[in-house]
Amino acid sequence: MPLPLDDGRTYKVLPGGSHLGAIVTVAELGNQVEQFGDQEPVTKRMLYLGFEFPEEKLDDGRPMTHYAVLNVSFHEKAKLVRWFRALGDKPARGWDIATWLGKPLLVIVESYENKEGQEKAKITGLAKPPKGAKLPDLHNELLCYCIGAGKPQDADGFDKLPEWVQKKILTGPDYKEELTEADIPF
């Protein structure tokens, strides 16, 4: 007899299209290892961007949020460069992405179905907002997390990151061997 389980949570998926929003979190993820299929694993420096969409609401009235994880690459075809050039910026080594925290921008979202048939959304680009567009007050606190020197969990703002982002940072190749069980809070 089958016993279908459900954790009781429902998720509202950000609809596809262009949405007025803002970056509310910028977090350095450090080096991360990625492997696709049978290819050799590749280590890449990565960045987490958390977005808030004040005009898109959850059932409880809070604004919807979504995220993107990007490679830190300044190659002309890199997503980071393409996205921020579309906003009129010029990403290069030493560029401070935190200057974009809280500023209005148009976020392009694509809806899709995953292999399990669940509706999902992913951020596929950024653009300048329409002239005169006003971003409503943001609900979430603006956060810029930089790993810096020392243990990543000691840096300001680490405890405010989503748990899965904290885990990604702590299990990355830069810190995995240095940490003890006591260092990982989950």
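Taken together, Leu138, Leu80 contain a single residue that is assigned to a helix (DSSP H, G or I), of a type outside the set (Asp, Glu) and either free of Cβ contacts under 8 Å to residues at least 24 places away in the same chain or surrounded by 14 or more Cβ atoms within 10 Å (Cβ to Cβ) (or both), which is Leu80. Checked against (1) surrounded by fewer than 15 Cβ atoms within 10 Å (Cβ to Cβ); (2) part of a strand (DSSP E or B); (3) among the acidic types (Asp, Glu), Asp60 passes all but condition (2). For the stretch 108-115, the criterion of a residue being loosely packed, with under 11 Cβ neighbours inside 10 Å, part of a loop (DSSP other than H, G, I, E, B), modelled with pLDDT of 80 or more and touching a strand residue (DSSP E or B) at 6+ places or on another chain (Cβ under 7 Å) is satisfied by at least one position. Of all the criteria given as (1) in contact with a Phe, Trp or Tyr (Cβ under 9 Å, 6 or more places away or on another chain); (2) exposed (fewer than 15 other Cβ atoms within 10 Å of the Cβ); (3) at pLDDT 90 or above, the one not satisfied by Leu20 is (2). Of the residues examined, Lys167 is not one that is over 22 Å from Asn31 (Cβ atoms), surrounded by fewer than 17 Cβ atoms within 10 Å (Cβ to Cβ) and among the basic types (Lys, Arg).
The values are calculated or read from the model by the stated rules, or taken from the named source; none is laboratory data. Everything numeric in this text was worked out from a predicted model, so none of it was measured. Glycine also receives a Cβ, built like all others from the backbone with ideal geometry; neighbour counts cover every protein chain displayed.
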